[in-house]
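The values are calculated or read from the model by the stated rules, or taken from the named source; none is laboratory data. On a predicted model such as this, the values are computed, not experimentally measured, just so you know. Here Cβ is always computed from backbone atoms with ideal geometry, including for glycine, and neighbour counts include all displayed protein chains.
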Amino acid sequence: MAKIVVLAAGSTGDVEPFAALAARLAGRGHRVTLAADAGFESLAPSDGVEFAPIRADFQSLLPTAEGKRPSLRGDVFPVMRGMLEDSWSVAKTRGPEAIVAHQKTLAAPHIAERLGIPHVQALTVPMLTPTREFPLPAMVRHDLGGLLNRASYRLVGLLTRPYSGLIRTWREDHLGLAARGDPPAPARTLYCYSPSLVPPPRDWPPEAVATGYWLRDGGGEEPVDPGLVAFVAEGAPPVYVGFGSSVGPDPARLGAAVSGALRELGGRAVIATGWGGLADVDRDGDTIVIERAPHRWLFPRVAAVVHHGGAGTTAAGLLAGRPTVVCPFQGDQHFWGAAIHRVGAGPEPLPAKKVTAQELAAAIRAAIQDPGVQRGAIDLSQRMGREDGAGRASEEIEASLPKTATSQHRRPGGRESSLGDDGLASA
């Protein structure tokens, strides 16, 4: 048994997989603390995992519906500073033997240096490991060829460079370290997405692993509004439309496009307004409008899913075997939309900022009527269903633990694994 701190930050799609991983690690006998923004405490497992709130309110950093964007020093820096300070407070109090951290939290390598423990970096999108097979997701959308694809990963440093001064001050004032230290390299880099959707590149090193999606044992079902249950049950499977935490420059224009597409199709729909990406959608007897959807319950009951391409929503839709239409807003959403189309589980992605009602209607029609897309979605779902991402990630984390921390771990199903002399889990 080892003491492990799991640091998570971002949107629901970022935090939810880490909560599932924390639950799996606790189920394997570890003492686990999940540290995330207080707004995500409801995601923490009720048994075996301690929740520690940190100031990581990334929702406050989204552009407003009026187009106001957060300023770096006035809005972003305070959130990052609070997240760094609280992450260290949690680690100092819990005394972990390892840290598993979403890359957005920034703190893990420095805390690992201060405590002399290993850390595992993790992300929902393969941005941290250079490859020749595809360019840097979220920043480069088109294949540049092998050499330039690999070179594009140098851009990752640009994402954290604005916070370098903040980190140096935090290292000195809170960790008692030199401002410009030498944090240890991560013991593992774990990507919580399905290798059936995007196969691991052949030039990745062994310590970079696409584990499969991290899901809660038993489904982790959320309470479902009785009105939604009644609506879904009273007619043909509806189309789901929702854009999660994404907020575009014109929510009303996107709402009009969605409403127009649904009118043209003439079917039933569930619309989730999310964090503000949609506004002024039409409401009638064939449409129910909710704020957020219980994906694990709803998606197996719909005809198709239309969403922004966030990693978490992508996982839920594909695991349910539903044809998927992606309307990406930014970042890695374009990457997942292209991957879904490439494996045949949905039509080409339609960028949210310029999608029209006619284009969206045609894409939804293809998703629900094209036998090839239907088969592609079901086939991918079946392959993903055979993966155990949280279990694989747990084994990789256990293989990274100091040998003094633990010598034996129980795998799901009661099988044992022990850490060999090379530090890798073996059956």
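Yes or no: segment 169-180 includes at least one residue that is surrounded by fewer than 19 Cβ atoms within 10 Å (Cβ to Cβ) and under 25 Å from the mean Cα position of the chain (by Cα).
No, the conditions are met nowhere in segment 169-180.
Look through segment 32-62, keep the residues that are aromatic (Phe, Trp, Tyr) and either free of Cβ contacts under 8 Å to residues at least 12 places away in the same chain or closer than 15 Å to Leu21 by Cβ (or both), and return whichever of them is surrounded by the most Cβ atoms within 10 Å (Cβ to Cβ).
Residue satisfying both the conditions and the ranking: Phe40.
Hey, any hits in segment 161-177 for a residue that's among the hydroxyl-bearing types (Ser, Thr, Tyr), in contact (Cβ under 8 Å) with a residue 12 or more places away in the chain and either touching a His at 6+ places or on another chain (Cβ under 7 Å) or over 22 Å from Ala108 (Cα atoms) (or both)?
No, there is no match, as no residue in segment 161-177 is among the hydroxyl-bearing types (Ser, Thr, Tyr), in contact (Cβ under 8 Å) with a residue 12 or more places away in the chain and either touching a His at 6+ places or on another chain (Cβ under 7 Å) or over 22 Å from Ala108 (Cα atoms) (or both).
Looking at (1) modelled with pLDDT under 95; (2) of a type outside the set (Phe, Trp, Tyr); (3) surrounded by 20 or more Cβ atoms within 10 Å (Cβ to Cβ), which one does Gln330 not meet, given that it meets all the others?
It fails just one condition, (3).
Which residue, of Ser381, Ser394, is at negative phi, small (Gly, Ala, Ser) and surrounded by fewer than 22 Cβ atoms within 10 Å (Cβ to Cβ)?
Details: Ser394 fails: surrounded by fewer than 22 Cβ atoms within 10 Å (Cβ to Cβ).
Just a single option satisfies the conditions, and that option is Ser381.
Return a yes/no flag: does segment 391-400 have any residue that is at pLDDT 95 or above and in a loop (DSSP other than H, G, I, E, B).
No, the conditions are met nowhere in segment 391-400.
Might you check whether a residue that is of a type in the set (Ser, Thr, Tyr), assigned to a loop (DSSP other than H, G, I, E, B), in the same structural domain as His308 (by TED's automatic domain parsing) and within 21 Å of Ile288 (Cβ to Cβ) occurs anywhere in segment 241-254?
Within segment 241-254 (the criterion being of a type in the set (Ser, Thr, Tyr), assigned to a loop (DSSP other than H, G, I, E, B), in the same structural domain as His308 (by TED's automatic domain parsing) and within 21 Å of Ile288 (Cβ to Cβ)), the answer is yes, since at least one residue qualifies.
What are the residues in segment 313-327 that are of a type outside the set (S, T, N, Q), under 18 Å from Pro371 (Cα atoms) and buried (at least 24 other Cβ atoms within 10 Å of the Cβ), if any?
Gly317, Leu318, Arg322, Pro323, Val325
Looking at Thr93 and the list (1) among the β-branched types (Val, Ile, Thr); (2) out of contact with any strand residue (DSSP E or B) (no Cβ under 6 Å at 6 or more places or on another chain); (3) surrounded by 15 or more Cβ atoms within 10 Å (Cβ to Cβ), which single condition is not satisfied?
Here Thr93 meets the rest and fails (3).
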